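The values are calculated or read from the model by the stated rules, or taken from the named source; none is laboratory data. Since the structure is predicted, the reported quantities are computational estimates derived from the model, not experimental observations. Backbone-built Cβ (ideal geometry, glycine too); neighbour counts: all protein chains shown.
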Amino acid sequence: MTITPIFDPRARGRVMRVAAFMSGSGTNVIRLLEREKELEREPGGSPFKIILIFSDRSDGGSAGERIALDTGIPYFSYDIRKFYSLKGLKRTHLTPEGMAARKEFDSAASRLIKAFDIDIIALAGYMSYLTLNRCVNVHPGDLSILTPHGKRRYVGDHAVADAIASGETSLRSSTIWTDAGVDTGPLLMVSSSLRVELPFPLPDLLKDKLAFDKVVDEHQRRLKETGDWKIFPLTVQMIAQGRFALDENNNVYLDGHPAPKGYRLEK
């Protein structure tokens, strides 16, 4: 069995070069930058550096340009909505035509990755399916929870709503090393728990869509603060330190030891 670090700082002889991919407010990018600056003040400095920021929006809906202007980091945008619209396709449809278009769209980012000698891509709120490799993503759900059939239970865009509707009493965020599926990649880290707080019993809440949606939005906001913003920078840091590794079957190892459920932050 061969265990290979996701990034090996000793073999590379330098810090890990990161491309931050984003779509909206960029709060995960900001947290990454904050963590990088914090580590720079420590002995040895930061083991990673954000080299470029890429956004799939050019319509003013992304904060990437402002973040780049404030930090001096190169910024690139390529609007995926316009790209698919001009082709008469919907970006959510993973048909052969849609996948071919997705690869064409990603080829622009791929050239940037090569040109800037990027080691990993940090998907900081980048919601689009993509065909690029070497990506770490954060997801608002506990991906260690499985269905009776062994599949991850809380995946996709509605993970928080699904967890609350299923009666979960706590929520967690997860980070993964992405693969070709949706939230199916090797599990790297799981956040500490956020307690679910309901205004009235769940059966009654599920009958009131407006009230339920409000509860979901509030928990998603709080989970981002207590989960995403903590484990995403920490995961990138630990990858850069060479602590996470994978074997030929994409099993996760932490500091050389098997970690089938990733690294868990417990309260």
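Would you check if there is a residue in the range 127-139 being of a type in the set (D, E, K, R) and farther than 26 Å from GLN241 by Cβ?
There is no residue in the range 127-139 that is of a type in the set (D, E, K, R) and farther than 26 Å from GLN241 by Cβ.
Does the range 102-110 contain at least one residue that is of a type in the set (Phe, Trp, Tyr), at pLDDT below 95 and more than 21 Å from LEU234 (Cβ to Cβ)?
yes
Can you spot a residue in the range 211-227 that is surrounded by 13 or more Cβ atoms within 10 Å (Cβ to Cβ), touching a Lys or Arg at 6+ places or on another chain (Cβ under 9 Å) and of a type in the set (D, E, K, R)?
No - not one qualifying residue is present in the range 211-227.
Taking into account only those residues within the range 188-198 that are surrounded by 12 or more Cβ atoms within 10 Å (Cβ to Cβ) and of a type outside the set (Ser, Thr, Tyr), which is farthest from the chain's Cα centre (by Cα)?
Our first condition is that a residue be surrounded by 12 or more Cβ atoms within 10 Å (Cβ to Cβ); within the range 188-198, this holds for 188-194, 196, 198.
If we keep only those that are of a type outside the set (Ser, Thr, Tyr) as well, we get 188-190, 194, 196, 198.
Working: LEU188: 11, MET189: 11, VAL190: 12, LEU194: 19, VAL196: 22, LEU198: 27 Å.
The qualifying residue farthest from the chain's Cα centre (by Cα) is LEU198.
Would you point out which residue out of GLY44, GLY26, GLY88 is on the phi > 0 side of the Ramachandran plot and buried (at least 18 other Cβ atoms within 10 Å of the Cβ)?
Every option except GLY26 fails the conditions.
Which members of the range 74-85 meet the condition of being among the small types (Gly, Ala, Ser) and surrounded by fewer than 17 Cβ atoms within 10 Å (Cβ to Cβ)?
The one that is among the small types (Gly, Ala, Ser) and surrounded by fewer than 17 Cβ atoms within 10 Å (Cβ to Cβ): SER85.
Could you identify the single residue in ALA240, ALA161 that is under 18 Å from PHE7 (Cα atoms) and small (Gly, Ala, Ser)?
Residue meeting the stated conditions: ALA240.
Please determine whether any residue of the range 48-59 is exposed (fewer than 13 other Cβ atoms within 10 Å of the Cβ) and without any contact (Cβ under 8 Å) to a residue 12 or more places away in the chain.
For the range 48-59, residues exposed (fewer than 13 other Cβ atoms within 10 Å of the Cβ) and without any contact (Cβ under 8 Å) to a residue 12 or more places away in the chain: absent.
Only residues that are within 27 Å of ALA108 (Cα to Cα) and free of Cβ contacts under 8 Å to residues at least 60 places away in the same chain: list them for the range 1-35, please.
If the condition is that a residue be within 27 Å of ALA108 (Cα to Cα) and free of Cβ contacts under 8 Å to residues at least 60 places away in the same chain, then ARG14, ILE30, LEU33 are the ones that fit.
Scanning the range 181-210 for residues that are assigned to a loop (DSSP other than H, G, I, E, B) and in contact (Cβ under 8 Å) with a residue 40 or more places away in the chain, which turns out farthest from TYR263 (Cα to Cα)?
This residue is LEU206.
So, in the range 228-240, how many residues would count as being of a type in the set (Lys, Arg) and crowded, with 21+ Cβ neighbours inside 10 Å?
Residues flagged as of a type in the set (Lys, Arg) and crowded, with 21+ Cβ neighbours inside 10 Å within the range 228-240 amount to 0.
Test each condition in (1) at pLDDT 95 or above; (2) farther than 16 Å from SER166 by Cα for PRO203 and report the one that comes out false.
Condition (2) is where PRO203 drops out.
In the range 115-172, which residue that is assigned to a strand (DSSP E or B) and small (Gly, Ala, Ser) is nearest to PRO201 (Cα to Cα)?
So the first thing to find is which residues in the range 115-172 are assigned to a strand (DSSP E or B), and the list is 120-123, 135-139, 146, 152, 170-171.
Now narrow it down to the ones that are small (Gly, Ala, Ser): 122, 170.
On the way: ALA122: 38, SER170: 15 Å.
Only one residue fits best here, namely SER170.
Okay, residues lined up against (1) among the hydrophobic types (A, V, I, L, M, F, W, C); (2) at pLDDT below 95:
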| site | (1), (2) |
| --- | --- |
| ASP59 | no, yes |
| SER62 | no, yes |
| ALA68 | yes, yes |
| THR71 | no, yes |
| PRO96 | no, yes |
| ALA100 | yes, yes |
| MET127 | yes, yes |
| VAL136 | yes, no |
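So ILE145 fits all but one of (1) among the β-branched types (Val, Ile, Thr); (2) surrounded by fewer than 22 Cβ atoms within 10 Å (Cβ to Cβ); (3) closer than 15 Å to ALA19 by Cβ; what number is the exception?
(3)
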